[in-house]
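The values are calculated or read from the model by the stated rules, or taken from the named source; none is laboratory data. Please read these numbers as outputs of a predicted model, since none were measured by experiment. Quick reminder, even Gly has a Cβ in these numbers, built from the backbone with ideal geometry, and neighbours come from all protein chains shown.
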Amino acid sequence: MTDSVCVAALQMTSVDSLDLNLDQADHLLRAAHDAGAELAVLPEYFAWMSARDTDKLALAESEGHGPIQDFLRHAAQNYHLWIVGGTLPIQAEEAHKVYNRCLVINPKGDSVVHYDKIHLFGFTQGQERYCESNTITPGHTPKKITLPWGDLGLGVCYDLRFPELFRAILPIDFLALPAAFTHTTGSAHWNTLLRARAIENQCYVIASGQTGTHPGGRRTFGHSQIIDPWGTVLTCQPEDIGIITATLSLSRILEIRQALPALEHRRFSVMDTPNLSHGYGNHHE
């Protein structure tokens, strides 16, 4: 296992055109490769954002088949990247719902693990209203995968607010978090929540966000970040489309965990506590 890896967080402004979004994603993935990245993280909903949540149902793909999955496979091969593929809609059992799925693709173009977003965003403030459960079926199983540089945990956007999800997959060295945080909630909580997840799990956080104004007027916060296990923001992309990169070191993780062995000092596990473990670990997708 190598000690260090260069990673990239990609920030997009996705619209209601699959072709335009995939072109934008391809440009950013190429830039990540050119910058020396070996792992790249796309944002949530990277392939489609439109005025109506129901529009994504028409793009729903079956597992292993479809233009979005083909794009991710080919991009991973072309740019020799591990890709955390933001999210894409995968047809659920219910006719009018999808899974909001995050795929991890290896440089050979193989999908090696998937995570279906568990926590579905709901928010009402004035004219701003969101209810993901109207069109999305939640997943049930936390996921992580062992990469050449360590263990990578997966979460998506609203999952960030639920620390027990990530406790259920410890130990992890890296956490990838594709997101489309609204400007309202992002400006209030995004930075604080990201740093908290890095600090409490003593892991790197790679958070890739949507930014700007999308069809229908939805505004997202951007501020994609890469954060170290001490909670230090290594790099941030404020509001523009683009990429950020950083070299992450396993030695840095070990240094912090030896100096402050908080994970060893834990007195209970979420998996052993009924009121916390409900919904995690006892279900299969």
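Please verify whether the range 205-217 includes one or more residues that are surrounded by fewer than 24 Cβ atoms within 10 Å (Cβ to Cβ), part of a strand (DSSP E or B) and without any contact (Cβ under 8 Å) to a residue 60 or more places away in the chain. No. Among the residues of the range 153-164, not a single one is of a type outside the set (Phe, Trp, Tyr), modelled with pLDDT of 95 or more, more than 30 Å from SER249 (Cα to Cα) and within 17 Å of the chain's Cα centre (by Cα). Only strands (runs of 3 or more DSSP E) whose full extent lies in the range 122-192 are considered here, and the ones with at least 1 residues that are within 14 Å of VAL205 (Cα to Cα) are 144-147, 150-154, 174-179. Any residue at all in the range 81-89 that's touching a strand residue (DSSP E or B) at 6+ places or on another chain (Cβ under 8 Å), under 28 Å from GLY217 (Cα atoms) and in a helix (DSSP H, G or I)? No, the range 81-89 contains no residue that is touching a strand residue (DSSP E or B) at 6+ places or on another chain (Cβ under 8 Å), under 28 Å from GLY217 (Cα atoms) and in a helix (DSSP H, G or I). Whenever a residue of the range 88-107 is closer than 17 Å to LEU22 by Cα, its partners that are outside any strand (DSSP E or B) and of a type in the set (Phe, Trp, Tyr), lying with C-beta atoms within less than 8 angstrom and at least six residues away or across chains, give the pairs LEU88/PHE46; PRO89/TRP48. Which of the residues that make up the range 14-38 are farther than 22 Å from PRO107 by Cβ and out of contact with any helix residue (DSSP H, G or I) (no Cβ under 8 Å at 6 or more places or on another chain)? Scanning the range 14-38 gives SER17, ASP19, LEU20, ASN21.
Going by what's in this entry, would HIS33 be described as touching a Phe, Trp or Tyr at 6+ places or on another chain (Cβ under 8 Å), of a type outside the set (Val, Ile, Thr) and surrounded by fewer than 21 Cβ atoms within 10 Å (Cβ to Cβ)? Yes, satisfied. In the range 229-239 there is at least one residue matching the filter, namely being more than 25 Å from LEU81 (Cα to Cα), in contact (Cβ under 8 Å) with a residue 24 or more places away in the chain and either touching a Cys at 6+ places or on another chain (Cβ under 6 Å) or not charged (D, E, K, R) (or both). Does any residue in the range 164-190 that is among the β-branched types (Val, Ile, Thr) come within less than 6 Å, Cβ to Cβ, of a residue that is surrounded by 20 or more Cβ atoms within 10 Å (Cβ to Cβ) and not in a helix (DSSP H, G or I) six or more places away or on a different chain, and which pairs are these? From residues that are among the β-branched types (Val, Ile, Thr), the pairs are ILE169/PRO142; ILE169/LYS144; ILE169/GLY153; ILE172/LYS144; ILE172/GLY153; ILE172/CYS203. Among the residues of the range 50-70, just one is exposed (fewer than 14 other Cβ atoms within 10 Å of the Cβ), hydroxyl-bearing (Ser, Thr, Tyr) and touching a residue at least 40 places away in the same chain (Cβ under 8 Å), namely THR54. Here the range 144-202 is the region considered, the condition is being surrounded by 19 or more Cβ atoms within 10 Å (Cβ to Cβ) and of a type in the set (D, E, K, R), and the residue that is farthest from LEU42 (Cα to Cα) is ARG167. Quick one: in the range 102-130, of everything that is under 25 Å from ALA58 (Cβ atoms) and hydroxyl-bearing (Ser, Thr, Tyr), which residue is modelled with the lowest pLDDT? Looking at the filtered set, the residue picked out is TYR130.
In the range 21-49, the residues that are touching a residue at least 60 places away in the same chain (Cβ under 8 Å) form Cβ pairs under 7 Å with partners that are among the polar types (S, T, N, Q) and not in a strand (DSSP E or B), at six or more places apart or across chains, as follows: GLU44/THR87; TYR45/SER14; TYR45/THR87; PHE46/SER14; PHE46/ASN21; MET49/SER14. Check the range 131-139 and report whether any residue there is at pLDDT 95 or above and closer than 23 Å to SER269 by Cβ. Yes, the range 131-139 has at least one match. Remark: LEU59 matches the filter, which requires a residue to be touching a Phe, Trp or Tyr at 6+ places or on another chain (Cβ under 8 Å), under 24 Å from PRO138 (Cα atoms) and of a type outside the set (Val, Ile, Thr).
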